[in-house]
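The values are calculated or read from the model by the stated rules, or taken from the named source; none is laboratory data. Here the structure is a predicted model, which means the values were calculated and not measured. Counting neighbours? That spans all protein chains shown, and the Cβs are built from the backbone with ideal geometry, glycine included.
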Amino acid sequence: MATVTMTVNGKSRTGEAEGRTLLVSFLREELNLTGTHVGCDTSQCGACVVHVNGEAVKACTMFAQEADGAEVSTIEGQANADGSLNTIQQAFQDHHGLQCGFCTPGMVMSAAALLKDNPKPSEQEIRNYLQGNICRCTGYHNIVKAIMAASGQDVSAVAAE
Amino acid sequence: MYDFDFEKPSTIDEAVAALSSEGAQALGGGQTLIPTLKQRLNMPEKLVSLTGIAEMKGVSSDGGTMKIGGGTTHGTVAKEAKGSFAGLAKLASLIGDPAVRNRGTIGGSLANNDPAACYPSACMATGATIRTNSREIAADDFFDGLFTTALEEGEIIVGVDFPVPEASDYQKFEQPASRFPLVGVFVAKHGDRVGVAVTGAGEDGVFRWTEAEEALAGNFSADAVSGLSHSADGLISDLHGTAEYRAHLIGVLTKRAVAAAS
Ligand SMILES: Cc1cc2nc3c(=O)[nH]c(=O)nc-3n(C[C@H](O)[C@H](O)[C@H](O)COP(=O)(O)OP(=O)(O)OC[C@H]3O[C@@H](n4cnc5c(N)ncnc54)[C@H](O)[C@@H]3O)c2cc1C
Ligand code: FES
Ligand code: FES
């Protein structure tokens with residue numbers, strides 16, 4: 001066991017981790033931040049995407065001890081200070097970018113990473129960026145639409161198929 | 001996953017010392033190793049993370065050589081090689097997905113030598129040199145069959161030096177489920193030396209298609225290879241494609257790579 005300290009959503013958090021403890025297990029089980037989901041546990045689905053030092057990573061494929069001293073942001077830190085949904089989250093709600101919501105934390109975190117690098121992505125760029133985020137419900141269409149809307153683009157012409 | 005001790009040294013020397021103990025193994029980005037550990041296919045006593053070693057990260061150019069640290073992520077390679085080394089930038093930008101590219105490293109990919117990994121083809125086609133903590137190894141001598149390389153126990157890849165080609169391209173025909181290449185072809189032109197290397201197809205892993213290299217050396221055009229076909233002997237046959245199908249893809253992708261090279 002080792003003591004691991006990281007800044008999670010702006011607050012310093014400390015907990016215990018074995019060598020094999022995954023970052024996602026540390027967040028969920030040690031820090032009780034269960035918004036980050038585990039869908040596949042095999043680096044395929046992206047339900048576990050969080051940001052480590054500003055970059056999107058799959059928290060099921062990184063050890064907690066690797067994030068010692070890092071800045072981590074998770075879905076729990078995305079809402080505005082007053083508790084209202086942030087722009088991306090609100091766009092997912094407005095454009096029905098989720099059904100069961102299982103993939104949504106990862107989708108929102110991936111979308112946030114994309115928009116940081118590319119503030120006005122095209123539909124194709126969004127689809128390429130989401131290659132590692134799998135959704136079983138929505139067919140992706142409304143997720144892509146929500147991300148376009150969140151980046152301030154007009155989505156009225158995007159058919160609601 | 002079985003448990004293990006975890007160490008994160010900050011210099012190459014410390015990492016080499018930590019790796020000298022029995023049962024120790026290097027950890028790069030973990031994008032291959034962690035899934036293997038989860039399946040209990042591997043049982044190290046200690047993992048030595050290389051991700052805290054600043055001297056193993058980053059891309060620099062030195063004359064006509066691009067020097068890439070062994071701990072550099074695919075995402076960084078994609079960004080840094082853009083503009084000056086088109087084929088390599090494209091190759092890196094097509095590995096996995098953005099989150100995988102933010103962790104996975106070039107050194108980990110080369111050390112692993114998956115028969116369908118992308119980077120080995122770029123190393124072979126350009127005649128790159130793999131630098132370890134103790135020596136330099138030419139790409140032609142590095143890859144040694146499936147998941148096997150010239151690396152000794154505890155030896156780590158600290159960097160890769162690529163002679164930057166005048167023109168290069170990588171064509172990846174994706175296996176749609178894994179998104180690894182079913183076949184990938186890297187073409188690199190340095191004056192009249194042309195390298196053509198194929199991944200995903202060989203039963204012994206990555207290889208150079210010398211017949212195409214010779215045809216392209218005098219005439220770097222898609223026409224120069226349109227009459228060539230690769231034999232299916234020694235190629236992989238599996239549920240995703242027969243050896244004949246892969247042989248056909250090698251021809252098609254080589255032509256496309258030459259036509260697209262920049
Ligand atoms: C969803 C997904 C899709 C992928 N798609 C592709 C693809 O299309 N093409 C492709 O090429 N790859 C693909 N990969 C693999 C990816 O490129 C890995 O990042 C890479 O194979 C391993 O690099 P790593 O740094 O993660 O190494 P690790 O997983 O940490 O290590 C792999 C092996 O290399 C050893 N090692 C690590 N670093 C070093 C070093 N510097 N020196 C010596 N030994 C070292 C380790 O001990 C281990 O045996 C994919 C992976 C995933 C999860
Ligand atoms: S749970 Fe991490 S990618 Fe699926
Ligand atoms: S909303 Fe159900 S998996 Fe995406």
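Which members of segment A:116-140 meet the condition of being assigned to a loop (DSSP other than H, G, I, E, B), among the aliphatic types (A, V, I, L, M) and more than 11 Å from every other protein chain (Cβ to nearest Cβ)?
Initial filter on segment A:116-140 (assigned to a loop (DSSP other than H, G, I, E, B)): A:118-122, A:133-140.
Checking the rest, the ones that are also among the aliphatic types (A, V, I, L, M) come to A:134.
Answer for segment A:116-140, where residues must be assigned to a loop (DSSP other than H, G, I, E, B), among the aliphatic types (A, V, I, L, M) and more than 11 Å from every other protein chain (Cβ to nearest Cβ): there is none.
Condition check ((1) touching a His at 6+ places or on another chain (Cβ under 6 Å); (2) more than 16 Å from ligand 2 (Cβ to nearest atom)) across all residues:
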residue	(1), (2)
A:G101	no, no
A:P105	yes, no
A:S110	no, no
A:N118	no, yes
A:I126	no, yes
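Out of all the residues in segment B:167-190, is one or more more than 13 Å from ligand 1 (Cβ to nearest atom) and of a type in the set (S, T, Y)?
yes
Return the total of residues in segment A:128-161 being touching a helix residue (DSSP H, G or I) at 6+ places or on another chain (Cβ under 6 Å) and loosely packed, with under 15 Cβ neighbours inside 10 Å.
So the count comes out to 1.
Quick one: which residue in B:K67, B:K82 is surrounded by fewer than 18 Cβ atoms within 10 Å (Cβ to Cβ), in contact (Cβ under 8 Å) with a residue 12 or more places away in the chain and basic (K, R)?
Matching residue, one of B:K67, B:K82: B:K67.
Within segment A:93-110, work out how many residues are more than 14 Å from chain B (Cβ to nearest Cβ) and within 13 Å of ligand 3 (Cβ to nearest atom). Let's see the steps before the verdict.
Initial filter on segment A:93-110 (more than 14 Å from chain B (Cβ to nearest Cβ)): A:93-102, A:104.
Add one more test, that the residue is within 13 Å of ligand 3 (Cβ to nearest atom), and what stays is A:93, A:95-102, A:104.
Total meeting the criteria: 10.
How many residues, within segment A:92-103, are surrounded by fewer than 24 Cβ atoms within 10 Å (Cβ to Cβ) and either within 16 Å of ligand 1 (Cβ to nearest atom) or under 25 Å from B:R101 (Cβ atoms) (or both)? Give the steps one after another, and end with the answer.
Here is the first cut: in segment A:92-103, the ones surrounded by fewer than 24 Cβ atoms within 10 Å (Cβ to Cβ) are A:93-96, A:98-102.
If we keep only those that are either within 16 Å of ligand 1 (Cβ to nearest atom) or under 25 Å from B:R101 (Cβ atoms) (or both) too, we end up with A:102.
Qualifying residue count for the region: 1.
Output the residues belonging to segment B:6-35 that are polar (S, T, N, Q), in contact with an Asp or Glu (Cβ under 9 Å, 6 or more places away or on another chain) and within 16 Å of ligand 2 (Cβ to nearest atom).
Matches in segment B:6-35: B:T32 only.
Looking only at helices (runs of 4 or more DSSP H) that fall completely inside segment B:90-186, which ones have 2 or more residues that are free of Cβ contacts under 8 Å to residues at least 60 places away in the same chain and within 14 Å of chain A (Cβ to nearest Cβ)? Step through it out loud before you land on a result.
Details: elements: B:98-101, B:106-112, B:119-126, B:139-142.
Per the criteria, B:98-101.
If you check A:V72, A:V38, A:V50, which single one turns out to be within 16 Å of ligand 3 (Cβ to nearest atom) and either within 19 Å of A:A17 (Cα to Cα) or of a type in the set (A, V, I, L, M) (or both)?
On inspection, the qualifying residue turns out to be A:V38.
Check off (1) more than 24 Å from B:E80 (Cα to Cα); (2) more than 11 Å from chain A (Cβ to nearest Cβ); (3) at pLDDT below 95 for B:Q25 and give me the number that stays unchecked.
Failing condition for B:Q25: (3).
Test B:K90 against the criterion of being under 30 Å from A:V49 (Cα atoms) and either modelled with pLDDT of 95 or more or surrounded by fewer than 24 Cβ atoms within 10 Å (Cβ to Cβ) (or both), and give yes or no.
The answer is yes for B:K90.
Is it true that A:T34 is more than 29 Å from A:N128 (Cβ to Cβ), within 13 Å of the chain's Cα centre (by Cα) and either within 16 Å of ligand 2 (Cβ to nearest atom) or at pLDDT 95 or above (or both)?
Yes, satisfied.
Quick one: would you say A:V38 is within 16 Å of ligand 1 (Cβ to nearest atom), within 10 Å of another protein chain (Cβ to nearest Cβ), of a type outside the set (D, E) and without any contact (Cβ under 8 Å) to a residue 40 or more places away in the chain?
For A:V38, the condition - within 16 Å of ligand 1 (Cβ to nearest atom), within 10 Å of another protein chain (Cβ to nearest Cβ), of a type outside the set (D, E) and without any contact (Cβ under 8 Å) to a residue 40 or more places away in the chain - is not met.
May I ask you to list the residues in segment A:104-116 that are out of contact with any Phe, Trp or Tyr (no Cβ under 9 Å at 6 or more places or on another chain) and within 16 Å of ligand 1 (Cβ to nearest atom)?
Within segment A:104-116, A:G106 is the sole residue that qualifies.
For the condition within 26 Å of B:L94 (Cβ to Cβ) and either more than 14 Å from chain B (Cβ to nearest Cβ) or part of a helix (DSSP H, G or I) (or both), what is the one hit in A:A149, A:A113, A:A81, A:A157?
A:A113
Given A:Q44, A:Q90, A:Q65, which one is under 22 Å from A:Q153 (Cα atoms) and either touching a residue at least 24 places away in the same chain (Cβ under 8 Å) or away from chain B (no Cβ under 14 Å) (or both)?
Answer to the selection: A:Q90.
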